[in-house]
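Derivation of every value follows stated rules applied to the coordinates shown; laboratory data play no part. Remember, it's a predicted structure, so these values are computed and weren't measured experimentally. Here the Cβ is made from the backbone with ideal geometry for all residues, glycine too, and neighbour counts use every protein chain on show.
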Amino acid sequence: MKKEIFEFICPIYFLGYIINGDPEGLTDDEIKRIDNVLLGYCCFSANEEHFFAHRNDFFSLGADCVTLTAVKLD
C-alpha cells in the first residue's frame with residue numbers, strides 16, 4: 001500500500017470538525033466543502049502555529065489558518 005503525505009492550509013475553526021467530528025458553528029456548506037476537499041485522506045494533524053491567509057485550500061476567503069497534514073492511501 002502506497003501512502004503520500006499532503007499539507008493543506010486550513011481555517012482554524014474547521015479543526016473541531018476535521019479532528020473530532022464536531023460540526024458546531026459550521027454551516028452545511030462549510031461541512032460539504034471540508035468533506036469534498038478531504039475525501040480520501042486520513043490521519044489528520046495540525047501544527048500549533050497559526051497565521052492569517054487571504055486564501056486557503058477550502059475557500060477563497062481570508063481566515064486565521066494552520067497547516068493541516070493528512071495521509072492519502074492508494
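A few remarks follow.
- Looking across the range 20-74, the residues that are under 10 Å from the mean Cα position of the chain (by Cα) and polar (S, T, N, Q) come down to S45, N56, T67, T69.
- Residue match in the range 16-29 (condition: in contact with a strand residue (DSSP E or B) (Cβ under 9 Å, 6 or more places away or on another chain), touching a residue at least 40 places away in the same chain (Cβ under 8 Å) and under 20 Å from V71 (Cβ atoms)): yes
- Taken over the range 15-35, the residue count meeting the criterion of being farther than 23 Å from N47 by Cβ, polar (S, T, N, Q) and part of a helix (DSSP H, G or I) is 0.
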